[in-house]
Structure formats: C-alpha cells, structure tokens
Amino acid sequence: AHRNELLTGSKCESIHGHKYIATFKFRYNDNEIQANGTVIPFEQIDKKIEPLIKKMCHSLLINSKDPLYKVLNEFFPEFRMTVMEKPSSSENLCILLYQAVSNFNIGRNLVAVSIQETDSAVVTYSL
C-alpha cells in the first residue's frame, strides 16, 4: 500500500494498494554467454532481488516527509513501513529499486526497472 500525500484532492492521496509488478531488464553481449547458455542464471538474480521485494511486500510505502509517517512511527512503531525519501509514487519506486539493484553484483548490466501499477499504467526508469 502507499499514498501520495502531495496529490491533494486526488484519490491517490488516501492509502490504497496496487498489485505492483516489477520488471528488471539486464543487458548482455554475445561474448558474455557462458557454455551453459546463460549470462547469469535467473535463480541467482532472484536470490538477490526477492529479499528486497519481500521486505517491501505487505508494508506501507511512505515518504519520510509525510505527516502520517510521524504519527505511525510514534504511535504504531511495529507498523511495517518502507520509508522513502520522496513521495511513494511508482516513478520514485522505480528509482529506489534501480539504485538498490545497481549495488548488487548483477547490477552492472542493469538497463531499466519498470513498475506496472495497473493493467494500463507502467513506468520505466533507466539511465
């Protein structure tokens, strides 16, 4: 779940949820393909990315500057939150995930991160 407190008057100002679908795109060259036919087995990619996603799953994505964050943190310290330094939009979530995955060994070939928020809305972040 998340909310964007800066979208005053919008339905997105209220806490609501999405079934986010995150897609990580990696680049490789022909000469990087190993004898087993892969550059890096997807299993190794999943082992690095899944803990990051699971940490966010069933938590509230919230901006550290959102007044609600202070209230939840003070009165409900056990409430699961993923604190972001910017509004918790899909665009900013893409950037957060891109930066996190770029720090993994697999991140050297990371080209883009996409977040599908609804059936018709997808955002992509790349350098």
What are the pairs with Cβ atoms under 7 angstrom where one residue, in segment 29-51, is touching a residue at least 24 places away in the same chain (Cβ under 8 Å) and the other, located anywhere, is open to solvent by 100 Å² or more (accessible area, probe 1.4 Å) and assigned to a loop (DSSP other than H, G, I, E, B)? Sequence gap at least six, or different chains. V39/Y28
Criterion: open to solvent by 50 Å² or more (accessible area, probe 1.4 Å) and part of a helix (DSSP H, G or I) - qualifying residue of K55, K19, K25, K65: K55
Any idea which residue in segment 77-118 is most open to solvent (accessible area, probe 1.4 Å), counting only those that are assigned to a helix (DSSP H, G or I), touching a residue at least 24 places away in the same chain (Cβ under 8 Å) and within 23 Å of L7 (Cβ to Cβ)? E91
State yes or no: is K47 basic (K, R), closer than 26 Å to N105 by Cβ and out of contact with any Ser or Thr (no Cβ under 9 Å at 6 or more places or on another chain)? yes
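The values are calculated or read from the model by the stated rules, or taken from the named source; none is laboratory data. Note that this is a predicted model, so its numbers are computed, not measured. Backbone-built Cβ (ideal geometry, glycine too); neighbour counts: all protein chains shown. What goes into the accessible areas is simple: the full protein's heavy atoms, side chains included, and nothing from ligands, DNA or RNA. Shrake-Rupley method; radii C 1.70, N 1.55, O 1.52, S 1.80 Å.
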